[in-house]
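Below is one structure; the comments refer to it alone.
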Amino acid sequence: MSNAYCPIVATLGYVLSPDREHVLMIHRNARPDDQHLGKYNGLGGKMEPGEDVAACMRREIREEAGIECTSMRLRGTLNWPGFGKHGEDWLGFIFLVDGFEGVAHAGNHEGTLEWVPRARLMELPMWEGDRHFLPLVFDADPRPFHGVMPYKHGRMLSWSYSRL
């Protein structure tokens with residue numbers, strides 16, 4: 001039996017308003033069985049066979065918010081061992097979307113979409129780990145970050161990253 005590491009590959013995107021003062025977040029309040037219930041999160045989801053991470057990010061934002069990304073930057077990668085509902089490992093590609101066309105929906109099957117002031121982002125209920133990497137998504141450092149954030153039973157165990 002191989003012990004190859006086979007995480008679920010996903011994207012996570014933070015869409016900036018045209019004035020760059022607000023971020024589009026989903027308030028996960030629609031499904032009682034949702035692992036993320038009550039939390040705010042960026043938009044995104046699992047990569048499908050045959051698409052690259054940029055295509056995945058565009059598709060997820062189109063599906064979840066009804067807008068078309070015209071400009072985005074990879075801000076980092078995050079390895080989340082043990083993050084899934086049943087202890088699955090996740091590998092996330094984190095994007096900042098700084099250009100889009102269209103008007104975002106009010107919500108989708110996972111919850112309500114809200115334009116949150118950037119200055120208030122850290123006040124929202126979210127995964128505890130998000131508070132560690134979110135500042136790196138929005139800071140002025142052009143280098144992407146590459147982080148590891150193990151979870152166990154829904155709790156973050158540690159956090160480390162490097163920048164290249």
**Request:** Loop only per DSSP, at most 16 neighbouring Cβ atoms within 10 Å: give me the trypsin sites (Lys or Arg not before Pro) in segment 37-119, ordered by residue number.
**Result:** LYS85
**Asked** How do GLU21, GLU51, GLU64 stack up against each other in accessible area, from largest to smallest, with a 1.4 angstrom probe?
**Response** GLU21, GLU51, GLU64
**Fill in**
Net charge near GLN35 (other residues with Cβ under 15 Å of its Cβ; Lys, Arg +1; Asp, Glu -1) is 0
**Complete:** With DSSP loop assignment and no more than 14 other C-beta atoms within 10 Å, the GluC sites (Glu not before Pro) in segment 74-138 are GLU88, GLU128
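Taking K and R as +1 and D and E as -1, what net charge do the other residues with C-beta under 12 Å from the C-beta of ALA55 add up to? Write out the running numbers ahead of the final one.
Numbers: positive: ARG58, ARG59, ARG62; negative: GLU48, GLU51, ASP52, GLU60.
Net of charged neighbours comes to -1.
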**Item:** Alpha-carbon radius of gyration plus Dmax, which is the widest Cα pair, for segment 15-85 in Å
**Value:** 13.5, 37
**Item:** Label corresponding to Cα extents along the principal axes in Å when calculated from the structure given, among (i) 56, 26, 25; (ii) 49, 40, 36; (iii) 70, 35, 34
**Value:** (ii)
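Could you work out the relative contact order of the chain, using alpha carbon pairs under 8 angstrom and six or more residues apart, expressed as a whole percent? Before the final figure, lay out the partial values.
Values: 358 pairs, mean separation 43.9, N = 164.
After rounding, I find 27 percent.
The values are calculated or read from the model by the stated rules, or taken from the named source; none is laboratory data. Treat the numbers as computed from the prediction; the structure is a model and nothing was measured. Cβ coordinates were reconstructed from backbone atoms using ideal geometry, including for glycine residues, and neighbour counts include every protein chain displayed. Remember, those area values only see protein heavy atoms, side chains included, never the ligands or the DNA or RNA. Shrake-Rupley method; radii C 1.70, N 1.55, O 1.52, S 1.80 Å.
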